[in-house]
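What follows is calculated from the coordinates using simple rules that are stated; it is not laboratory data. Everything quoted here is computed from the prediction, not taken from an experiment. Note that we place each Cβ from the backbone using ideal geometry, even for glycine, and neighbour counts take in every protein chain shown.
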Amino acid sequence: MAGVELLPREFGYVVLTIVLYCFLNFWMAGQVGKARKKYKVFYPVMYALESDNKDAKIFNCVQRGHQNSLEMMPLFFALMILGGIRHPLICTALGLVYVVARYFYFTGYATGNPENRITIGKYGFLALFGLMICAISCGINLLIA
């Protein structure tokens, strides 16, 4: 267990925040599944065509909200882990802001009006910026230590 001893005790909060995001992702995937049934968009089709489906736009907004969250997940996880090594409590707070913002990003997008994703969802990008600063700080600290 030597590797665990190198991490601050508070890093556990970082881990739990990442797991919370995983639960949010599972919930979003479930919402896409429900939308597939409701709007009759079946696999392997990723996005509905408006020429084939009158509800294509709303389904595509639900799908896109989840897809964008999947696209951002590796960046979020990496920044949480790297920044959390040196700043676990700050990264946890920023991570929680990100998770909440992602929820509102998804639910806003899922209304069928893509502009609704940025009302509260835009704060997720501020949280990511803060996480980048924490990761940079960690990297610099490793270089000068």
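Give me the tail of P(r) for the chain as a percent: Cα-Cα pairs with distance above 22 Å. Walk me through the numbers before you get to the answer.
On the way: 4751 of 10440 pairs.
In whole percent, the share of Cα-Cα pairs in the chain beyond 22 Å is 46.
Testing the spin-label approximation: label points 7 Å from Cα along Cα→Cβ at T111 and I136. State their distance in nm. Here the answer is 3.4 nm between the modelled labels. Residues F26, F104, F59, ranked from the fewest to the most other C-beta atoms within 10 Å, line up as F26, F104, F59. The string of couplings for segment 71-80 from the Karplus curve (6.51, -1.76, 1.60, θ = phi - 60°) is 5, 8, 4, x, 4, 4, 4, 4, 5, 4 Hz, one whole number per residue in order, with x for Gly and Pro. Working note: Karplus 6.51/-1.76/1.60 with θ = phi - 60° gives segment 91-99 the couplings 5, 4, 4, 5, x, 5, 4, 4, 4 Hz, where Gly and Pro are set to x. Please find the FRET efficiency linking K54 to I144, where r is the Cβ-Cβ separation and R0 is fixed at 41 Å, and quote it to the nearest 0.05. After rounding to 0.05, the efficiency reads 0.10. With axes computed from alpha carbons, what is the tilt in degrees of helix 123-144 against the longest principal axis of the chain, rounded to the nearest 10 within 0 to 90? On a 0 to 90 degree scale, this one is about 30.
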